[in-house]
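Student: My structure is below; once you've seen it, I'll send some questions.
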Amino acid sequence: MARPSPAHRPRWSAPAALFSLGWFTRRRRPATARSVLAGEAAAEAARKSSQEAPPAEETETAAEPDFPVVGDTAAAAFFDLDNTVMQGAALFHFGRGLYKRRFFHKRDLARFAWQQIYFRLAGSENPEHMADVRNSALSIVQGHRVAELMSIGEEIYDEYMAERVWPGTRALAQAHLDAGQKVWLVTAAPVETATIIARRLGLTGALGTVAESVGGVYTGKLVGEPLHGPAKAEAVRALASAEGLDLSHCAAYSDSANDIPMLSLVGHPYAINPDSRLRKHAREQGWRLRDYRTGRKAAKIGIPAAAGVGALAGGAAAAVALQRRRR
């Protein structure tokens, strides 16, 4: 596929990199210029995409007493995606769909899996390793058209994601919609993936990692950095300013301690299916908690880590089975 001409001036739009690299951002560090840029880009992309969003479907809700407040036009709700709205990582499911469609090779899949598992097990943030992961992910989409991935993303949602939405979190989002408030997804996942999910759930729109495109083709560069940690908070702050929202009236929902900056911005923070660090922090701060997982094991070890190890074990089992069939 032809690459964009250098003569064209790069511009960013709704597309983003293939894999969510949010967990490779240093925890609880202050916002940098790149964080601010990523946040502002995500906010502008979200506002643009929400103008074409269809009306929310009417479903049963599970609103809490006196909240959300009906008719409060200064209020909105911000939901993290992975393990908050959806079981597991949206980009894991998206990657499965792309691999099924021969979008990349087995060696690419193995490299991405190892890079992610390495970080989770090592718990370190080596700058060279982080840069290698980011560049590997961007290389997958470089040169591909935005429209192509958007079309594929719609199919992948139906195949892998629709049945993985947490009903409890969905009811919370619907309660805000029924109160006349806007509801946004806020995620390190590519903004086009997040926008598809938001549209399918009847939400207002999505803030996600934004990648550069020229003439509707990926350039292989991000705008700022992955929308993670402080960048999420910057995105929410930028969107609130543009929409005329009062953050003290707003609510935010997340499962991860990495989102404490975003949760701390609003007057109504919720810990949903929280990891151990967020659970501890939420209890110390008096934040509300909701856990829609089942089984004490999931609560103890955390869904993300369990999913990573399970994926590795599943891949090994599949390889063994394939070898046996070849014999």
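The values are calculated or read from the model by the stated rules, or taken from the named source; none is laboratory data. The structure presented is a predicted model; accordingly, all values stated were derived computationally and were not measured. Here Cβ is always computed from backbone atoms with ideal geometry, including for glycine, and neighbour counts include all displayed protein chains. For accessibility, only protein heavy atoms count, side chains too; no ligands or nucleic acids. Shrake-Rupley method; radii C 1.70, N 1.55, O 1.52, S 1.80 Å.
Student: On the given criteria, is Ala189 within 16 Å of Thr84 (Cβ to Cβ), buried (at least 24 other Cβ atoms within 10 Å of the Cβ) and not β-branched (Val, Ile, Thr)? Break it down stepwise before answering.
Tutor: Details: within 16 Å of Thr84 (Cβ to Cβ): yes; buried (at least 24 other Cβ atoms within 10 Å of the Cβ): yes; not β-branched (Val, Ile, Thr): yes.
So Ala189 passes the test.
Student: Moving on to the next point. Filter the range 119-168 down to the residues that are at pLDDT 90 or above, over 18 Å from Val191 (Cα atoms) and of a type in the set (Gly, Ala, Ser) and list them by number.
Tutor: Scanning the range 119-168 gives a single hit, Gly168.
Student: Right, something else. Can you pull out every residue in the range 214-230 that is surrounded by 24 or more Cβ atoms within 10 Å (Cβ to Cβ) and more than 14 Å from Ser35 (Cα to Cα)?
Tutor: Within the range 214-230, just Tyr218 meets the criteria.
Okay, residues lined up against (1) at pLDDT below 95; (2) among the hydrophobic types (A, V, I, L, M, F, W, C):
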| position | (1), (2) |
| --- | --- |
| Arg237 | no, no |
| Ala240 | no, yes |
| Ser254 | no, no |
| Gly267 | no, no |
| Asp275 | yes, no |
| Lys280 | no, no |
| Glu284 | no, no |
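Student: Filter the range 286-304 down to the residues that are part of a helix (DSSP H, G or I) and either at pLDDT 50 or above or among the small types (Gly, Ala, Ser) (or both), then identify the one that is most open to solvent (accessible area, probe 1.4 Å). Write out each step before concluding.
Tutor: So the first thing to find is which residues in the range 286-304 are part of a helix (DSSP H, G or I), and the list is 296-301, 303-304.
Subsequent filtering for residues that are either at pLDDT 50 or above or among the small types (Gly, Ala, Ser) (or both) retains 298-299.
Values: Ala298: 21, Ala299: 46 Å².
Ranking the qualifying residues of the range 286-304, first place goes to Ala299.
Student: What is the one condition in (1) at pLDDT 50 or above; (2) on the phi < 0 side of the Ramachandran plot that Ala311 does not satisfy?
Tutor: Condition (1) is where Ala311 drops out.
Student: For Gly208, indicate whether it is touching an Asp or Glu at 6+ places or on another chain (Cβ under 9 Å), at pLDDT 90 or above and farther than 21 Å from Phe67 by Cα. Break it down into steps so the answer makes sense when it comes.
Tutor: Numbers: touching an Asp or Glu at 6+ places or on another chain (Cβ under 9 Å): yes; at pLDDT 90 or above: yes; farther than 21 Å from Phe67 by Cα: yes.
Considered against the rule, which asks whether it is touching an Asp or Glu at 6+ places or on another chain (Cβ under 9 Å), at pLDDT 90 or above and farther than 21 Å from Phe67 by Cα, Gly208 comes out as yes.
Student: Out of all the residues in the range 267-285, which are on the phi < 0 side of the Ramachandran plot and touching a residue at least 24 places away in the same chain (Cβ under 8 Å)?
Tutor: His268, Tyr270, Ile272, Asp275, Ser276, Leu278, His281, listed by residue number.
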